[in-house]
Amino acid sequence: MKLVKTVGLVALSCLLFSMTVSAQVHFSPVESTGVPYAIVVEDATWNGGAALVAGDEIGVFDGNMCVGAAVVNGFPVNLTAWERDTNLNLPGFTPGNKITYKLWDQSQNAEQAALAHYNTGNALFGSGFASAVTLNSSDFPVLLAIWSNEATVPSTGGSLTYGAQLWSTVGVTRTGLRFWTTLTRPNGFVTGTQFQYPFNLAPFMNIANSTLHQNIDPSWPAGTWTMNGHVGVYPNAVIVDHFTFEKLAADPE
């Protein structure tokens, strides 16, 4: 499956030059710089609920700059973000900067911020040749997304690599906050805190880390596990996000 997805993304990145899409009504991205970065939006939901429909729009941003946009005509949506060209002084994203998204609902003429779960790539522009994402928007002023590109862990356990992104869409400061994780076992039991990170929320803060690690013990049972990310005043969470992974069973002897 990994090979099929990778081949598909390579083909997409080659075809994006010749694709034509409906003109944006809401978002106004930069012009083509000739240096594309492909993003495949596999699904996008409005405020964590209904999926976007034909005529809605997805915009991708580097800070306040819209560097790519696409009109929804069904999923997946193939979107091109344009890297800046310093030689020609053409605006675009800067590799290594954090990626953020906004969704526009045509029927409501309303816009919401969104964060991505990354099936391929991570939260930084220029990661690999392309990204494949699922988007969730929210009208809450702080957004949290956690994800992992690794769907399975061997029966022998090991280290699960995952990423997290936190984005404040308002100009307020709040101190004494914390990000922490827990695990939900296959039987539904929730473990204690696995990881903690204290921080102060700064105005319009956008932080991302795609190299976090969770140790998976060999003795832990096989089955579907859930990694839960929490933000709040510990132990009371205000926002929560999660992803699932499979711990494989040992081969029968």
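The values are calculated or read from the model by the stated rules, or taken from the named source; none is laboratory data. Just so it is clear, the model here is predicted, and its values are computed rather than measured. Every residue, glycine among them, receives a Cβ derived from its backbone with ideal geometry; neighbour counts consider all protein chains shown.
Below is a table of values for the structure above.
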quantity	calculated
Flag if Asp251 is farther than 22 Å from Ser137 by Cα, of a type outside the set (Gly, Ala, Ser) and at pLDDT below 95	yes
Flag for Phe17 being in the same structural domain as Asn89 (by TED's automatic domain parsing), at pLDDT below 80 and either outside any loop (DSSP other than H, G, I, E, B) or not basic (Lys, Arg) (or both)	yes
Which listed residue, of Val41, Val60, is surrounded by 19 or more Cβ atoms within 10 Å (Cβ to Cβ), touching a residue at least 60 places away in the same chain (Cβ under 8 Å) and more than 15 Å from Asn109 (Cβ to Cβ)	Val41
Unmet requirement for Ala44, which otherwise passes all of (1) of a type outside the set (Phe, Trp, Tyr); (2) closer than 18 Å to Ser138 by Cβ; (3) out of contact with any strand residue (DSSP E or B) (no Cβ under 7 Å at 6 or more places or on another chain)	(3)
Qualifying positions in segment 82-109 - of a type outside the set (Lys, Arg), assigned to a strand (DSSP E or B) and touching an Asp or Glu at 6+ places or on another chain (Cβ under 9 Å)	Trp82, Leu90, Phe93, Thr100, Leu103, Trp104, Asp105
Within segment 138-156, tally of residues that are more than 23 Å from Asn119 (Cβ to Cβ) and not β-branched (Val, Ile, Thr)	4
Strands (runs of 3 or more DSSP E) contained entirely in segment 180-253, each with at least 1 residues that are in contact (Cβ under 8 Å) with a residue 40 or more places away in the chain and farther than 24 Å from Leu124 by Cα	206-216, 223-233, 236-247
Any hit, segment 94-101, residues being among the hydroxyl-bearing types (Ser, Thr, Tyr) and either under 19 Å from Asn136 (Cα atoms) or assigned by TED's automatic domain parsing to the domain that holds Phe243 (or both)	yes
Criterion (at pLDDT 95 or above and under 13 Å from the mean Cα position of the chain (by Cα)) met by exactly one of Ala69, Ala114, Ala81	Ala114
